[in-house]
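Student: Supplied in structure tokens, the structure appears directly below.
The values are calculated or read from the model by the stated rules, or taken from the named source; none is laboratory data. Not measured: the values here are computed from a predicted model. Reconstructed Cβ throughout: ideal geometry from the backbone, glycine too, with neighbour counts over all protein chains shown.
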Amino acid sequence: MANNKKLENTVNEARDRMQGNSFPLGAAIRRGGVNFSVFSKSADAVELLLFDHAEDAVPSRTILLDPKKNRTYHYWHVFAPDIGPGQIYGYRVYGPQEPWRGMRFDPSKVLLDPCGKAVVVPRSYSRILASQPGDNCAAAMKSVVTDPRAYDWEGDTPLRRPFSQTIIYEMHVRGFTANPNSGVAPEKRGTYAGLIEKIPYLQELGITAVELLPVYHFDEQDAPQGFRNYWGYAPVSFFAPQPAYSSRKDPLGPADEFRDMVKALHRAGIEVILDVVYNHTAEGNHDGPTLSFRGFENDAYYMLEQDRQHYANYTGCGNTLDASNPFVRCMIIDSLHHWALEMHVDGFRFDLASILTRDEQGRPLANPPVLWDIETDPALAGTKLIAEAWDAAGLYQVGSFIGDSWKEWNGRFRDDVRGFLKGDSDTVSKFASRLLGSPDIYGYEEHEPEQSINFVTCHDGFTLNDLVSYNGKHNEANGEDNRDGSNDNVSWNCGIEGPSDDPSVEQLRHRQVKNFFAVNLLAAGAPMLLMGDEVRRTQGGNNNAYGQDNEISWFDWGLVDKHPGLLRFVRRLIADRLKRDVSQGDPGLPLNQLIHRANIVWHGVKLNQPDWGADSRAIALTMRSLTGRLMIHMIFNSYWEELHFEIPPVPEASDTGWMRWIDTSRESPDDICSWDEAEAVREAAYPVRPRSVVVLMARLKTHEKHHNLVLPEPSSGSSIKLPADIRRPFRRDLS
């Protein structure tokens, strides 16, 4: 009797084990097999499909989940014995096909696990077949079981570099090394492994963080016919790295190769920030493919219009993820945990982050739960959080984005700096504010200067070379008759549209490029540079190259030898910015205190007489470094004629007098020099050539009595006129 009871208990335990557990979601390695769990509130039945190969048209094994035994609340789960890492799988989900109720179940489609950690894409993958009626098993993406515990990190941890010591380089994993002239072996071009080979270039440039365009698995076929989605803003999985960026073709290879890249970058002192897309998916609008989310629970994952058949489209990409849904919020947090804890990334830049503030009806919330969930999550403490604080439906929150630790892409820095250096009227006051970290936007008592992520160019728009070479976009290669892309680029071609052999035009463009770098890397805030700008990478005037996976978008490594002087200029400028004396870096020092302690005095061509008028195109300022070791005098002339600027008297505390550090009108190597090699400037006025930036510096004696050096009291006219008084701290109204 006892033996029979023991046998009965063993059978019951085995049966309970086969039922699986609702937590964690996805596929989790357990002793003797794998636990699978997915969310679906309205499904009638769920099948787990196990495959031997990505191209299989028929699963090697099908497990039907019993709604009585394999379902807990809204979670379907099962334990599958005798399988492990590398197992390929997918789901079929049965339920109502009633679009008018927001339900789009389609059991003819093989679905990716929304929380799967790896993906395989068959050679026959077809987005079209996923959009049409009928079975698509052989042509469907499939998930892969992984075991993150199997990877040896060799002691690696995120770097936790302060923003005050951060230089961000926005780059594309594939585009960085895809060009045959990259010098990377053919099998590694355009891959995580290929990027590893180019880390020395990033080190020499001085980059401290790479911001990678989307590497979450995305649908390359989500593009017009004849094109391939290059940028990657078409997510299919929020947990799996893009397998096309891996030189390894085994199912587990992409995840491990991504980790290899992160580990190698960390060893080089470079952080990894991911551009993440939690605002929409590649499933598109009501005519789009069924790849994963809509096949599990359409009306939970997406915001729907009132008719329930169509998708709210605040993204411009066909659908909008419903981040106000508790389950979607949970999925976003789980995704961030995965990349931060299991993949060791250092931070995230949130694409169209303002969408995350909308409720299920699309109305902006004063305190959006998902953003506070992210900010207050202890597992994400210390992780860099950057918001693109706008969306495609007109919501613009630069300067008012929720939270205390979020930094923001400062689109106003981009536009105002472009306008000033272009020579537009009525730009001097706005430009001066951008130099100071945008105190009219971010002058809150509790915020540091790096609240502003300063950039002039990014993936979306002109490269820096094209910004000074084209008055208008030239997107003919995109196949939309040049209708796509922004028409408002605040660009100037320096007299000739496109490439030019005119030496004077080329010289002016080169100087303008240096001017943009000087402003971006001297301004208060955290600078972000675009891949290849340091060697004048061009896209031929294309300002919307999202579908150009070719030489239009790729880094042309031949430019490194073509523009060595510019590359030297940028390297020197970055190296000097990272010196605390120049960057004003003091982690935690609020912006308004930094401005006050720097004791800034503004000038025009005459000392203490800045011209804030609409017709002014020049400004100068004198400031001291927070350490008390340097005085710095900056002159910005965007006028088309040479101007002579009076120079302040040499400070009594100086043991060197004024020395010329930067003059962008000079040829390399005289355009920027090391501080030890700087030439003395003894004239009472400095001739600043047209469209040039000049920076002078004076070393100060380091005796304690000079640390509190105070500049002469500025005249009343030298105070900058800003929309908000930068001398008085203020707080955002969060009501």
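Student: Condition first: part of a helix (DSSP H, G or I) and in contact with a strand residue (DSSP E or B) (Cβ under 8 Å, 6 or more places away or on another chain). Can you find one or more residues in segment 225-239 that meet it?
Tutor: Scanning segment 225-239, I find no residue that is part of a helix (DSSP H, G or I) and in contact with a strand residue (DSSP E or B) (Cβ under 8 Å, 6 or more places away or on another chain), so the answer is no.
Residue-wise test of (1) modelled with pLDDT under 95; (2) more than 26 Å from the chain's Cα centre (by Cα); (3) in a helix (DSSP H, G or I); (4) more than 30 Å from V535 (Cβ to Cβ).
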| position | (1), (2), (3), (4) |
| --- | --- |
| Y125 | no, yes, no, yes |
| T146 | no, yes, no, yes |
| D156 | no, no, no, yes |
| S164 | yes, no, yes, no |
| I196 | no, no, yes, no |
| E204 | no, no, yes, no |
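Student: I would also like to ask the following. Among L341, L371, L304, L385, which is in contact with a Gly (Cβ under 7 Å, 6 or more places away or on another chain) and over 17 Å from V277 (Cβ atoms)? Spell out the reasoning first.
Tutor: Details: L341 fails: in contact with a Gly (Cβ under 7 Å, 6 or more places away or on another chain); L371 fails: over 17 Å from V277 (Cβ atoms); L385 fails: over 17 Å from V277 (Cβ atoms).
Only one candidate passes the filter, namely L304.
Student: Another one. From the list D113, D147, exactly one residue is more than 29 Å from H310 (Cβ to Cβ), in contact with a strand residue (DSSP E or B) (Cβ under 7 Å, 6 or more places away or on another chain) and of a type in the set (D, E, K, R). Which is it?
Tutor: Being more than 29 Å from H310 (Cβ to Cβ), in contact with a strand residue (DSSP E or B) (Cβ under 7 Å, 6 or more places away or on another chain) and of a type in the set (D, E, K, R) holds for just one of D113, D147, which is D147.
Student: Looking at segment 574-603, which of its residues are among the acidic types (D, E) and at pLDDT below 75?
Tutor: D581, D586, listed by residue number.
Student: From the list E497, E551, which residue is more than 19 Å from N482 (Cβ to Cβ) and surrounded by fewer than 22 Cβ atoms within 10 Å (Cβ to Cβ)?
Tutor: Only one candidate qualifies: E551.
Student: Quick one: in segment 240-258, which of the residues that are in a loop (DSSP other than H, G, I, E, B) and under 19 Å from the mean Cα position of the chain (by Cα) is farthest from C115 (Cα to Cα)?
Tutor: Q242
Student: Given the structure, is G102 buried (at least 17 other Cβ atoms within 10 Å of the Cβ), small (G, A, S), modelled with pLDDT of 95 or more and assigned by TED's automatic domain parsing to the domain that holds S22?
Tutor: Spelling it out, G102 is indeed buried (at least 17 other Cβ atoms within 10 Å of the Cβ), small (G, A, S), modelled with pLDDT of 95 or more and assigned by TED's automatic domain parsing to the domain that holds S22.
Student: Need pairs with beta-carbon distance below 7 Å; first residue farther than 27 Å from S616 by Cα and within segment 627-652, second among the β-branched types (V, I, T); sequence gap 6+ or separate chains.
Tutor: R629/T702
Student: Tell me which residues, restricted to segment 658-681, are touching a residue at least 40 places away in the same chain (Cβ under 8 Å) and loosely packed, with under 15 Cβ neighbours inside 10 Å.
Tutor: Within segment 658-681, E667, P669, S674 qualify.
Student: Same structure again: Does G183 satisfy the condition of being outside the structural domain of G84 (by TED's automatic domain parsing), within 29 Å of A575 (Cβ to Cβ) and surrounded by fewer than 19 Cβ atoms within 10 Å (Cβ to Cβ)?
Tutor: So G183 fits the description; yes.
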